[in-house]
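Notes for the one structure printed next.
The values are calculated or read from the model by the stated rules, or taken from the named source; none is laboratory data. Values in this document were obtained by computation on a predicted structure and should not be read as measured data. Heads up, the Cβs are rebuilt from the backbone with ideal geometry, glycines too, and the neighbour counts pull from every protein chain shown. In case anyone asks, the SASA skips ligands and DNA or RNA and just uses the protein heavy atoms, side chains included. Shrake-Rupley method; radii C 1.70, N 1.55, O 1.52, S 1.80 Å.
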Amino acid sequence: MDIKTYKLRIYGSVENELSFTWEQLMGLPMSRVKVDIHCVTRWSRLGDIWEGIKLKYLLDMVKPKGNFLMLRSSYVGYSANVPMSYINEDCMVAFKFNNLPLEKEHGGPVRAFIPTLYFWKSTKWLDEIEVMDEDKAGFWEKRGYNMRGDYNKEERYWDGLNFVNKLVFFGNKDKDDE
């Protein structure tokens, strides 16, 4: 991802479609949050500092009409759906992690940061935000991950795929099988 040619496009069910160059993004108001992150594979990091532009600020600029987002990276063909009801003041388009620029392997130079949901929803190498009227499955959701991914509710997989949780984390034998 070359910041000289980078663009963040926000489009879809909005009143004002917008596109930002890297330079334009860097001129917008920045925020810092200290929050926890939770991965679907059952690890968490507590109290990390993230810096970037509040997602609510960007969404206010485009005036969304829809109730869902699709966060995309055209660089790697990845996407994650996010219900707008999970966008709070901690959600952002992030550029820094613990006071340092995001490293490439962690989505640098820019990624979505959605700490209200499991971390797979925080799309790395973000370059598109589509506002949608209807919820659509993203990359992992098409492969069996939960459509919401609320870590407080432990929404990891589709209800029909809960057996994956047992196979991966607890072995392939149920107590009922003994």
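Key figures
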| item | result |
| --- | --- |
| Amide H partners (placed H, <5 Å) of Y6, local residues excluded | W22 |
| 3J(HN,Hα) from dihedral phi, the stretch 128-136, Karplus parametrisation 6.51/-1.76/1.60, rounded to Hz, x for glycine, proline | 9, 10, 9, 8, 10, 7, 10, 6, 10 |
| Whole-Hz couplings from phi, Karplus 6.51/-1.76/1.60, listed for the stretch 98-114; x for Gly and Pro | 6, 6, 10, x, 4, 6, 3, 5, 9, x, x, x, 8, 9, 6, 9, 10 |
| Accessible area of R32 in the full protein assembly, 1.4 Å probe (Å², nearest 10) | 130 Å² |
| Net charge dipole size for the stretch 1-110 [Lys, Arg +1 and Asp, Glu -1 on Cβ; Debye, nearest 20] | 100 debye |
| Mean Cβ neighbour count within 10 Å, used as a protection proxy, ranking 110-123, 91-104 highest first | 110-123, 91-104 |
| For V14, distant residues with modelled amide H under 5 Å away | K65 |
| Virtual spin-label span in nm between K63 and S44, 7 Å along Cα→Cβ | 4.0 nm |
| Under the Karplus curve 6.51 cos²θ - 1.76 cosθ + 1.60, θ = phi - 60°, whole-Hz ³J(HN,Hα) for the stretch 55-66, x wherever Gly or Pro sits | 4, 4, 4, 5, 5, 4, 5, 8, 6, x, 9, x |
| Evaluated over the chain, the Cα radius of gyration and Dmax, each in Å | 17.0, 62 |
| Accessible surface of E130 - all protein chains present, 1.4 Å probe, nearest 10 Å² | 30 Å² |
